[in-house]
Structures are given as structure tokens and as C-alpha cells.
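Undergrad: Got a structure here, written out as C-alpha cells. Questions coming.
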Amino acid sequence: MGFFISELVDVEGASLPDGIAVDDAAAYFGITESAEIIVRLNQTDRFNGLGEFFSLTIDLVLQSEFDFEEAANRLGCEGGEIYYLLSGPFNLISISDPLRYYLGQETSEGESGPSPNIPEHEKVAIENLTDIFSLLRLFGIGHLIGGLPLLVHYITIFESLISNPEANKDVILNLSAELEQATEQAKSGTVTP
């Protein structure tokens, strides 16, 4: 659950617009004053916000490691504000809670399910889809290929699939494999749906 940074820290010169909640990690990364783009992306729906984010950072998203510093430079903001967008308005941490619960891991709400009786290689493949940067790549590829409509489709289908991981396990495993393949294609400059 988030908190308002102004409730925790009184730092001279630091400010955030009213209503932007940040968590401990975002505060740790140094939010001092929100950039206009962060306020705008916070106020729009997550699909349009993600679409604009991908329009500005897709090349960074498709790299093997996401460069927070470069993304922050492009957006004219702090790295903590990027984290805030990903974890808050874009919902990229809690979106995979059903998969974490299915795998017996702790969700963003602190709940853990029983460990499933599936082979270790399947657990590893499914766990790949709980990683915020894997999801960023998955949804970024959708946006790169088909713009906002395909981005919305990818997110909607993903949420539907993971709402019942046990019943959709084979499709989820295929999705994980396809994401790995698409990521490799993106690194070489070619991506297919």
C-alpha cells in the first residue's frame, strides 16, 4: 500500500503534487519533484499511459536490462518516478499476483499459495511472467507491433489467462516461450506478433 511522501519526509525543496502516492522503494530512488509527464501519465488510464511510455522508451524496454537512468533522462524525471509509474499506475507488479500465488510465492499483498506440483522447468518458465521487466517487454512488443489496440489486447488476454493459472498452464507456458523468442528477435531488430 502506498503512502504520501509528504507525510513521511519534510525535505527542503522537495515536493510532489497532491494525490501522487509513492511507496518506500519509489521514495528511496529519490523523488524530489514530479515531472509534468509523470503527473500526466498518473492521471491517464494505464493503457494510454503505457502506450505513451512505450512510445518514448521502447528501445530501452527491449534491451536485456532496462536502463532506469536513461529512461528518466528521456522523460525528464527521476528514476524513482519511473518505478512509481511501473508499480503504481501501470500496475506491473500486482498484475502477476495470480501467478505468484499459483507458484507458492508471496504476492504484492503478502499472501502465499501452496507450491504447485509441477516440474521445476515449468515453474521457472511461469515465474518469468511474474518479472516486471519481462511484462514490460511483453506489453512493449504488443505496442511496438500493433500500437495501443494490440497493447490493450495483450494486457487483457494476459489478465484473463492468469486469472486461472492451473487451467491455463499450457497456454501460459507457451506465452513464456514466445516472449523469450520475441525478446531475442527484438534484440536482432525483428519482431513478429
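Undergrad: List the GluC sites (Glu not before Pro) within region 115-166 that fall in a DSSP loop (any state other than H, G, I, E or B) and whose Cβ has at most 14 other Cβ atoms within 10 Å.
TA: In loop regions of region 115-166 (DSSP not H, G, I, E or B), the sparsely surrounded GluC sites (Glu not before Pro) are Glu166.
Undergrad: Counting alpha carbon pairs within less than 8 Å and at least 6 residues apart, what relative contact order, in whole percent, applies to region 137-192?
TA: 34 percent
Since every read-out is calculated from the coordinates, none of them should be taken as a lab result. Since this is a predicted model, take the numbers as computed values, not measurements. Cβ coordinates were reconstructed from backbone atoms using ideal geometry, including for glycine residues, and neighbour counts include every protein chain displayed.
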